[in-house]
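None of the figures in this text is laboratory data; all of them are computed from the coordinates on show. Keep in mind that this is a model prediction, so the values were computed, not measured. Cβ atoms come from the backbone with ideal geometry, glycine included; neighbour counts cover every protein chain shown.
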Amino acid sequence: MDVYFEESFEEDLKKIKDMKVLQKVKSIIDEVRNIANIHEVANLKKLKGYETFYRTRFRDYRIGIEAIETKVIFTRCLHRKDIYKHFSKE
């Protein structure tokens, strides 16, 4: 799949100091690059109320992903207590 990154995703990664978390993010990105269908991503769940937005989880972090056909956009990478604030419908 074609992988893109929003500026907000890159800024989120700059704030993460834990190298194990950053390594896991890299492995998830590599996994997404090598799949044919977005539903092959481990721990992927569609966000309620959105047609194209998903999240994947690891440890206490969530990665926000937008999937449109063969294009995947990484939108956010935040702690679980913060991620859903950025995807609220309000």
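Among the residues of the stretch 42-59, is any free of Cβ contacts under 8 Å to residues at least 24 places away in the same chain, part of a loop (DSSP other than H, G, I, E, B) and among the acidic types (Asp, Glu)?
Yes, the stretch 42-59 contains at least one residue that is free of Cβ contacts under 8 Å to residues at least 24 places away in the same chain, part of a loop (DSSP other than H, G, I, E, B) and among the acidic types (Asp, Glu).
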Single condition GLY64 does not satisfy, out of (1) under 18 Å from GLU31 (Cα atoms); (2) buried (at least 19 other Cβ atoms within 10 Å of the Cβ); (3) in contact (Cβ under 8 Å) with a residue 60 or more places away in the chain = (3)
Number of positions in the stretch 12-30 that are within 17 Å of VAL72 (Cβ to Cβ) and aliphatic (A, V, I, L, M) = 4
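Could you check the stretch 9-36 and list, in sequence order, the residues that are among the basic types (Lys, Arg) and either in contact with a Leu (Cβ under 6 Å, 6 or more places away or on another chain) or in a helix (DSSP H, G or I) (or both)? It would help to see each step written out before you state the result.
First, pick out the residues of the stretch 9-36 that are among the basic types (Lys, Arg): 14-15, 17, 20, 24, 26, 33.
Scanning the stretch 9-36 gives LYS14, LYS15, LYS20, LYS24, LYS26, ARG33.
Scan the stretch 61-90 for residues that are of a type in the set (Ser, Thr, Tyr) and part of a strand (DSSP E or B) and report the count.
Of the stretch 61-90, the ones of a type in the set (Ser, Thr, Tyr) are 61, 70, 75, 84, 88.
Checking the rest, the ones that are also part of a strand (DSSP E or B) come to 61, 75.
Adding up the residues that qualify gives 2.
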